[in-house]
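Since the structure comes first, as structure tokens, the remarks are kept for the end.
The values are calculated or read from the model by the stated rules, or taken from the named source; none is laboratory data. The structure presented is a predicted model; accordingly, all values stated were derived computationally and were not measured. For neighbour counting, all protein chains shown are included, and Cβ atoms are generated from backbone atoms with ideal geometry for every residue, glycine included. Areas reflect the complete protein model, heavy atoms only, side chains present, ligands, DNA and RNA absent. Shrake-Rupley method; radii C 1.70, N 1.55, O 1.52, S 1.80 Å.
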Amino acid sequence: MLTRRTPDEVTLEIKDPVDPTALSQAKSILSELRPSDSPVVCPSALLSVARRLGDLPEGNDDYIVSSEKCKEAFDGLKEEDRKSLLNIYGRVKAFAEAQRKSVVDVEVDIPGGKAGHSVSPCRAAGCYAPGGRYPLPSSVLMTVVTARSAGCPHVVLASPRPAPITLAAAHVAGADIVLGIGGAQAIGCMAYGISGSDDGVRPPVPPCDVIVGPGNKWVTAAKSLVNGHCGIDMLAGPSEVLVIADGTANAEIVAADLIAQAEHDVVARAILVSDDAGVIDEVNRQVERQVGCLPEPNRSTAMEALKQSFSILCKDMEECIAMSDKLAPEHLEIQTADAEEVGRKCANYGGL
């Protein structure tokens, strides 16, 4: 299931995160949103784009989801789901506040005066939460709550065709404005702002100083285009996991973790790096067995993602670490006898 790669072939897998076709399409969409060189997004242009690309059905002008609908979505969840959202909110908030406290103002004496820096929040933060195959309320909480903890007075959330759990998460996190649109058009709206409707029904959306959050290739392309007009977090490629495993690893667990990433999206990647050929063989057998047990659409999604997933057999653990650092995975997982030590030697990754 996992294509075999040699360490020398790994360089072929390092790609530009911005897809050239998506970049051209995103540029066209951003231009369409602001006719006649308007400094802000025109509501009528947005509605035209949103309907054409499937964000809104014909006749629906509500690209802003009201706070009342978000609260209704939260109230309509099962008690278990409400409790989960509140628990995650508390955890993210506690960590974000600790991060904020770690960044402090500094002032030092210099000849003739003082030098220093002060830390202040952005005026407005834009947060993107993917819709796609599965709703991601976690993306809502991790971006909106962090912006709130940083002290941003205005927080805008965009998510295409938001599911009830997504709207509920927006309520819990405290988003000021929720846009029910996605893709490049959502990034454009947050970067440039939206003028209010002539009838006053829809309020203006402020342009954001920074835009954060994961998204598809059109989101990434649009972020590359607005970068400079506003700040962005990063240009993320397809979601991926890389597992470093040695001969002590449990192949069944490794396979399950690889599949968990593969079922995210058809363009996701699951990568296994090991210095043990036997582990690679057994993980492959487990992947084939487990993926066949998945329900649809998870199975089809994972099968497609596994086509661009691969394994690398290295001569030793040092080469495994070097391969991981070269690929700089979004998610890095270490299943070795000395996992802590291996982890300390790895330098390039999103989360460990």
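Checking PRO39, PRO17 one by one, the residue that is farther than 30 Å from ILE321 by Cα and outside any helix (DSSP H, G or I) is PRO39 and no other.
Screening ALA26 on (1) part of a helix (DSSP H, G or I); (2) more than 12 Å from ALA169 (Cα to Cα); (3) out of contact with any Phe, Trp or Tyr (no Cβ under 6 Å at 6 or more places or on another chain) shows it passes everything except condition (3). Taken over segment 166-195, the criterion of being part of a loop (DSSP other than H, G, I, E, B) and closer than 23 Å to LYS71 by Cβ is satisfied by GLY174, ALA175, ASP176, GLY180, ILE181, GLY182.
Scan segment 42-55 and give yes if some residue there is of a type in the set (A, V, I, L, M, F, W, C), open to solvent by 80 Å² or more (accessible area, probe 1.4 Å) and outside any loop (DSSP other than H, G, I, E, B), otherwise no. No, the conditions are met nowhere in segment 42-55. Filtering segment 150-169 to residues that are surrounded by fewer than 24 Cβ atoms within 10 Å (Cβ to Cβ) and either farther than 28 Å from HIS264 by Cα or of a type in the set (A, V, I, L, M) (or both) leaves ALA150, GLY151, CYS152, PRO153, HIS154, ALA163, ILE165. Within segment 210-232, the residues that satisfy the criterion of being part of a loop (DSSP other than H, G, I, E, B), open to solvent by 40 Å² or more (accessible area, probe 1.4 Å) and in contact with a Pro (Cβ under 9 Å, 6 or more places away or on another chain) are PRO214, ASN216, HIS229. Residues in segment 43-85 that are within 17 Å of PRO207 (Cβ to Cβ) and in contact with a Leu (Cβ under 7 Å, 6 or more places away or on another chain): ALA45, LEU46, TYR63, ILE64.
Answer yes or no: is there a residue in segment 31-40 that is open to solvent by less than 80 Å² (accessible area, probe 1.4 Å), at pLDDT below 95, hydroxyl-bearing (Ser, Thr, Tyr) and under 21 Å from ILE187 (Cβ atoms). Within segment 31-40, one or more residues are open to solvent by less than 80 Å² (accessible area, probe 1.4 Å), at pLDDT below 95, hydroxyl-bearing (Ser, Thr, Tyr) and under 21 Å from ILE187 (Cβ atoms). Just one residue in the set ALA22, ALA73 is under 30 Å from ARG269 (Cβ atoms) and hydrophobic (A, V, I, L, M, F, W, C); that residue is ALA22.
Consider ALA73 carefully, then state whether it is farther than 16 Å from CYS189 by Cβ, part of a helix (DSSP H, G or I) and in contact (Cβ under 8 Å) with a residue 60 or more places away in the chain. Judged against the criteria, ALA73 is a match. If the condition is being without any contact (Cβ under 8 Å) to a residue 40 or more places away in the chain, within 12 Å of ALA168 (Cβ to Cβ) and not in a helix (DSSP H, G or I), then segment 76-116 contributes only LYS78. Within segment 122-149, being open to solvent by less than 50 Å² (accessible area, probe 1.4 Å), of a type in the set (A, V, I, L, M) and outside any strand (DSSP E or B) holds for ALA129, VAL140, LEU141, VAL144, VAL145, ALA147. Report yes if PRO203 is on the phi < 0 side of the Ramachandran plot, open to solvent by 10 Å² or more (accessible area, probe 1.4 Å) and modelled with pLDDT of 95 or more, otherwise no. Taking the combined requirement at face value, the residue does not satisfy it. Name, by its number, the condition in (1) in a loop (DSSP other than H, G, I, E, B); (2) within 17 Å of the chain's Cα centre (by Cα) that does not hold for CYS152. Of (1) in a loop (DSSP other than H, G, I, E, B); (2) within 17 Å of the chain's Cα centre (by Cα), only one is false for CYS152: (2). Here VAL119 passes the criteria (1) among the β-branched types (Val, Ile, Thr); (2) closer than 19 Å to TYR89 by Cβ; (3) open to solvent by 20 Å² or more (accessible area, probe 1.4 Å) except the one numbered (2). Hey, does segment 121-139 have a residue that's more than 26 Å from ALA191 (Cα to Cα) and of a type in the set (D, E, K, R)? No, because not a single residue in segment 121-139 is more than 26 Å from ALA191 (Cα to Cα) and of a type in the set (D, E, K, R). For segment 233-248, a residue qualifies if it is modelled with pLDDT under 95 and part of a strand (DSSP E or B), and exactly one does: GLU240.
Scanning segment 123-145 for residues that are within 20 Å of VAL205 (Cα to Cα) and at pLDDT 95 or above returns ARG123, ALA124, ALA125, GLY126, CYS127, TYR128, ALA129, VAL140, THR143, VAL144, VAL145.
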